[in-house]
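Notes to accompany the following structure.
The values are calculated or read from the model by the stated rules, or taken from the named source; none is laboratory data. Since the model is a prediction, treat every value here as computed from it, not as a measurement. Positions of Cβ are backbone-derived with ideal geometry, glycine not excepted, and every protein chain shown enters the neighbour counts.
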Amino acid sequence: MPLEVTLIDYARDPLTKLYGAYRTCYTPKTPREVWEEIGDGRITQDAIRQFIAERLKTGHASPLEQVVFWFGISGVSRALSHQFVRHRIGISFEQQSQRYVKYKEERLDYVMPKSWGKAPGMADEYDRLMKEITRVYEDALKKGIPAEDARFVLPNATPTNFQVMVNFTELLHIADLRLCWRAQWEIRQMVAQMRRAVMDAVPEIGGYLQPKCGEKRMGYCDEPVKEWELCPIGKVRPHKEQLLEVFRQHKAGHLQALTEHDLRTVEDAGQDGEPG
Ligand SMILES: Cc1cc2nc3c(=O)[nH]c(=O)nc-3n(C[C@H](O)[C@H](O)[C@H](O)COP(=O)(O)OP(=O)(O)OC[C@H]3O[C@@H](n4cnc5c(N)ncnc54)[C@H](O)[C@@H]3O)c2cc1C
C-alpha cells in the first residue's frame, strides 16, 4: 500500500478570509465594512492577493491560523505516526484504530524502508518476519485474544491511516521541521505530498511551505554544521554560523574593506545601458 496524501478540503475562500483577518488589524473600518467592500467588488481579487503577499513578508503570522486544511493520509507506517502525532498545536488527528480494526491480510501490508531492500538478503528476512508476525497475530485473534491485545505483536512497519485537520500556521511549522533533510525520510515524503497538494489548491500561500532554511522561512540552516555540509541543499543555503561570523567581523570592525575596484564596479554599472 503506497503512501497517499489527499487534500480532502480547505476552509472556503482561504485568501479572502486571510485578507479579512489581516485587514481587520490595520483599518479603522469594522469587519462588516471590510466584508462589504469585498462582497461588492470594491476590493478586487488582485488587491487581496497583493495585500496578503505584503503581509506574508512580515512576521505577523497569527491570521494564518484562520486558514484550515483537511488531509486524508494512508499507507504510512506506525513509525511515522508516532512522530506525526507529536505535533500538538493547531492540528487535529483521527487515526485508524488497532482496537476496532483487525488486519485481515494474509500477510501484513507493511511499509519497508528502501535500505532493507539494498542490504543483501535483508528484504527476504523482513518479509519472512512480517509473515510470521501476521500468522501469530491471526492465531491470537482466532484463539479469542481481543484485537486490542493481539496488536501488541504488531511492528512499527504496520500501515496506518489518518484524517487530519491542520491550520496553516502549524502546517508551516511542520514543513519547517519535516521538509528539512534531517527529518526521517517517510514523514519528509508525506509532508512533501501535503505541500504539493496545497501548492495546487492555493499557490499564493502554498509556496511558503518550505524547510526552515527556505528563502520564505528563516533563510538559513540552524542544524549542526556537519549535517549542513552533508545536506543536498546545504550548498545553496547559508549556515547560521556563517551569518554570525559576518556579524562578529562587523562588530570587531574587521569586515573586509571595499576596494577601489569594488567602488568602480558600482560606479560604472549601467553606463552601457544595461541595468548593471
Ligand atoms: C529531526 C527531528 C528529530 C527529533 N527527534 C526526537 C527525539 O529523538 N525524541 C523525541 O522525543 N522527539 C523528537 N522529535 C520530535 C520533537 O521533539 C517534537 O516533539 C516534534 O517535532 C513536534 O514539534 P513541536 O514541539 O514544535 O510541536 P507542535 O505542536 O508542532 O508545536 C508548535 C509550536 O507550539 C509551541 N508549543 C507547543 N506546545 C508548547 C508548550 N507546551 N509550551 C510552550 N510552547 C509550546 C512551540 O513553539 C512549538 O514549536 C524530533 C523532531 C525532529 C524534526
Checklist outcome for this item: Turns out the helices (runs of 4 or more DSSP H) fully within the range 176-276 with at least 2 residues that are among the acidic types (D, E) are 185-201, 225-230, 240-251, 260-268
Checklist entry - Is it true that some residue in the range 187-204 is polar (S, T, N, Q) and not assigned by TED's automatic domain parsing to the domain that holds R55? => result no
Next on the checklist: Let me confirm something: among E33, E4, E65, E94, which residue is of a type outside the set (S, T, Y), over 25 Å from V166 (Cβ atoms) and either surrounded by fewer than 17 Cβ atoms within 10 Å (Cβ to Cβ) or touching a strand residue (DSSP E or B) at 6+ places or on another chain (Cβ under 7 Å) (or both)?
Outcome noted: E33
Item to check | Considering residues of the range 176-195 that are without any contact (Cβ under 8 Å) to a residue 40 or more places away in the chain and away from the ligand (no atom under 11 Å from the Cβ) only, the residue surrounded by the most Cβ atoms within 10 Å (Cβ to Cβ) | outcome: R195
Checklist entry - Which of the residues belonging to the range 78-94 are within 16 Å of the ligand (Cβ to nearest atom) and not aliphatic (A, V, I, L, M)? => result R78, S81, H82, Q83, F84, R86, H87, R88, G90, S92, F93
Checklist entry - Mind checking which residues of the range 56-70 are at pLDDT 95 or above and in contact with a helix residue (DSSP H, G or I) (Cβ under 6 Å, 6 or more places away or on another chain)? => result P63, L64, E65, Q66, V67
Checklist entry - Tell me, which helices (runs of 4 or more DSSP H) wholly within the range 31-145 include 2 or more residues that are touching a residue at least 40 places away in the same chain (Cβ under 8 Å), under 31 Å from the mean Cα position of the chain (by Cα) and within 30 Å of K216 (Cα to Cα)? => result 45-56, 78-84
Checklist entry - polar (S, T, N, Q) and under 30 Å from L255 (Cα atoms): does that describe Q210? => result no
Checklist entry - Quick check: anything in the range 160-171 under 30 Å from G219 (Cβ atoms), modelled with pLDDT of 95 or more and in a loop (DSSP other than H, G, I, E, B)? => result no
